[in-house]
Structures are given as structure tokens and as C-alpha cells.
Amino acid sequence: MRLVKPKKFLGQHFLKDLKVAQDIADTVDACPKLPILEVGPGMGVLTQFLLPKERTVKVVEVDYESVAYLREAYPQLEDNIIEDDFLKMNLQRLFDGQPFVLTGNYPYNISSQIFFKMLDNKDLIPCCTGMIQKEVAERIAAGPGSKTYGILSVLIQAWYRVEYLFTVSEHVFNPPPKVKSAVIRMTRNDTRQLGCDEKLFKQVVKTTFNQRRKTLRNSIKPILGKECPLTEDLLFNKRPEQLSVQEFIELTNRVETALKEMKEETDKRAFNGFQP
């Protein structure tokens with residue numbers, strides 16, 4: 001059977017260590033009975049340990065060579081091998097709308113995009129596990145006050161409990177990446193409604209962290225403008241990495257109120273200006 005050559009443009013680094021593969025596969029046991037979707041199975045080093053778990057396993061792979069290898073090596077997967085780009089898939093159709101566990105040795109170059117898609121489908125994905133670049137894992141798991149606390153930290157922790165499980169050496173891959181890896185697990189928390197406008201929440205988090213060295217007073221200007229009286233509050237002396245998820249929710253509600261007041265004032269002036 002012809003082995004698959006790792007492709008740099010796909011960010012492929014094939015795991016060689018079977019013990020590590022087994023440990024990663026076992027992370028899905030925190031969410032028993034649910035079907036499993038593995039992203040980027042490559043030559044199936046993780047897949048082989050997922051299949052004995054007595055639940056439906058599907059794999060999605062964009063590399064045609066890996067797909068051909070999987071079809072030959074794992075004939076029992078034939079109907080559950082999806083040759084597609086995970087980022088473009090309609091996840092509602094995967095298991096007839098049933099929730100599932102997401103796992104994989106994720107390509108480093110798209111791991112953040114994978115987790116943003118997870119957030120967009122959070123009601124379908126109660127559990128997500130897998131291996132990513134160590135720095136990204138630390139960022140996701142970081143708390144307020146940390147230099148690594150950022151957009152991914154807040155957006156994911158708003159909906160998921162994050163566990164940094166273990167670190168993986170670069171020497172167990174072919175080819176070895178230039179960075180260490182880590183395995184994490186994200187399990188849906190009890191939050192069903194944020195208590196604020198979710199779209200505005202994302203905008204506030206992303207806008208403020210895009211200028212993370214500035215205080216909120218300055219980094220929020222793209223949303224509130226330069227003269228909004230709300231920014232005189234002492235809260236706006238803080239930097240975004242100092243705010244907890246709950247404080248971002250509260251900030252979002254205050255921003256929404258300020259935006260409504262500013263719009264009402266603008267509409268009032270426009271109305272008065274057109275009066276005869």
C-alpha cells in the first residue's frame with residue numbers, strides 16, 4: 001500500500017506515535033454515544049483508534065491521495081469517508097441534524113478557522129477535541145490577565161469549558177513541525193443565551209483585541225466613535241485582556257445601549273432639521 005506524502009500547502013504533519021494517537025482518540029470518551037467526525041485523518045493513525053469505540057465515525061479529508069489510502073486501508077469506512085473541505089461543509093447534513101463530537105489532528109494553518117466554524121455550529125458540537133499548535137491551545141485556554149488571552153479565548157470560553165490536556169513533542173510527526181503541539185478538549189458549558197446581542201459581542205471582542213495594547217477607550221472607537229460619553233467610564237481605562245467573558249457581555253450591553261441612544265439623537269436632529 002502506497003504511503004501518502006505529506007503536503008506542505010495543506011499543513012500536513014502525520015503523527016507517527018501510536019500511543020499519542022490512542023491518547024487523542026480517548027479524549028472523545030468524555031462525550032459517550034455521540035457520533036464522531038474526524039477532520040483531516042490523513043493515513044488514519046487516529047482513525048484506527050476511533051473505530052473500535054462502537055459509534056458512527058465519519059472522516060472528512062480534502063487530500064485526494066489520503067482519501068484513496070483510507071478507502072484501501074479502512075474498507076469499513078467506505079460510506080463514511082467524505083472528500084471535502086470541512087470549512088465549506090454544511091454540518092447539519094452530516095448525521096441528520098444529530099449532535100456529534102468533532103476531533104482530529106487539525107492542520108495548523110486552519111485550526112482557528114475550524115474553531116470559528118465550531119462556534120457557528122455550537123448547538124451541533126457539544127464536544128470538540130484534538131491536537132493543534134501548542135501556542136494556539138494555550139491561547140484558547142488562557143484566562144483574563146494573560147498575554148495569550150485573546151479573541152479565541154473569549155469567544156470559545158463564552159460557550160465551552162476548555163481543558164488543556166497534554167503537550168506533544170514535535171519529534172513524533174513526519175515531517176516534524178517547527179513548533180510543539182498540544183491536545184485540548186472543549187465541552188459545551190451551561191450557557192444557552194449570552195445575555196447580549198451575540199453578533200455585537202463578537203464585534204466588540206474582535207475590535208478591542210485588534211488593538212490589544214490600547215485601552216478600551218481607544219480600541220472601541222471603530223464602534224462607538226470618538227466622542228461617545230460612555231467611554232468616560234473608568235471601565236474604559238482597562239485593556240481588553242483584563243476583561244472576563246462576563247465583563248465582555250456587560251460591555252456589549254452597554255455598547256448596544258449607547259449605540260441606540262446615539263441613533264435616537266441623530267434621528268431627532270435630522271427630524272428637527274427638516275421641520276418647516
Q) For the chain, list the cysteines whose Cβ sits under 4.7 Å from no other cysteine Cβ? A) C128, C196, C228
Q | Solvent exposure, largest accessible area first (probe 1.4 Å, DNA, RNA and ligands not counted), of L234, L77, L18 | A | L234, L18, L77
Q: Estimate the FRET efficiency between M89 and E250 by the formula 1/(1 + (r/R0)^6), using the beta-carbon distance for r and 41 Å for R0, to the nearest 0.05.
A: 0.70
Q | Helix-derived mean residue ellipticity, 222 nm - over the chain, DSSP H n ≥ 4, -39500 (n - 2.57), to 500 | A | -10000 deg cm²/dmol
Q. What is the pair-distance distribution P(r) of the chain, computed from all Cα-Cα distances in 5 Å bins starting at 0, with each bin given as a whole percent?
A. 1, 5, 12, 15, 15, 13, 10, 8, 7, 5, 3, 2, 1, 1, 0, 0, 0
Q. With every protein chain present, what accessible area does E170 have (1.4 Å probe, heavy atoms only), rounded to the nearest 10 Å²?
A. 40
Q | Net charge contributed by nearby residues that have their C-beta within less than 10 Å of A182 (K/R +1, D/E -1) | A | 0
Q) Build a GNM of the chain with springs between Cα atoms under 10 Å: which of E247, E138, E261 gets the top mean-square fluctuation? A) E261
Q | T191, T129, T56, reordered so the largest accessible area comes first (probe 1.4 Å) | A | T56, T191, T129
(Q) Between the range 247-273 and the range 43-63, what is the separation of their alpha carbon centroids in Å? (A) 50
Q.
Quick check: net charge around E135, other residues with Cβ under 14 Å of its Cβ, Lys/Arg +1 and Asp/Glu -1?
A. +3
Q | Potential extension, S146-E261 segment - 0.36 nm per residue separation minus Cα distance | A | 38.0 nm
Q. Could you give the nm distance between label points at K199 and F116, where each point is 7 Å from its Cα heading toward the beta carbon?
A. 1.7
Q. Extension gain L234-K221, at 0.36 nm per residue separation less the Cα-Cα distance, in nm?
A. 3.1 nm
Q) If the cut-off is a Cα-Cα distance under 20 Å, which lysines reach K199, setting aside same-chain residues fewer than 8 apart in sequence? A) K117, K122, K221, K260, K263
**Q.** Gaussian network model of the chain, springs between alpha carbon atoms under 10 Å - residue of A158, A258, A137 with greatest fluctuation
**A.** A258
Q: Set the Förster radius R0 to 51 Å, insert the Cβ-Cβ distance between A73 and A270 as r into 1/(1 + (r/R0)^6), and round the FRET efficiency to 0.05.
A: 0.15
(Q) So if each residue of separation counts as 0.36 nm, and I subtract the Cα-Cα distance between Y64 and Q22, what length gain in nm does that give? (A) 12.6 nm
**Q.** Average projected area [Cα convex hull, the range 1-123], square nanometres
**A.** 7.3
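The values are calculated or read from the model by the stated rules, or taken from the named source; none is laboratory data. Keep in mind the model is a prediction, meaning the values are calculated, not measured. Every residue, glycine as well, gets a Cβ built from its backbone with ideal geometry; the counts of neighbours run over all protein chains shown. Quick note on the areas: whole protein, heavy atoms, side chains included, nothing else; ligands and nucleic acids left out. Shrake-Rupley method; radii C 1.70, N 1.55, O 1.52, S 1.80 Å.
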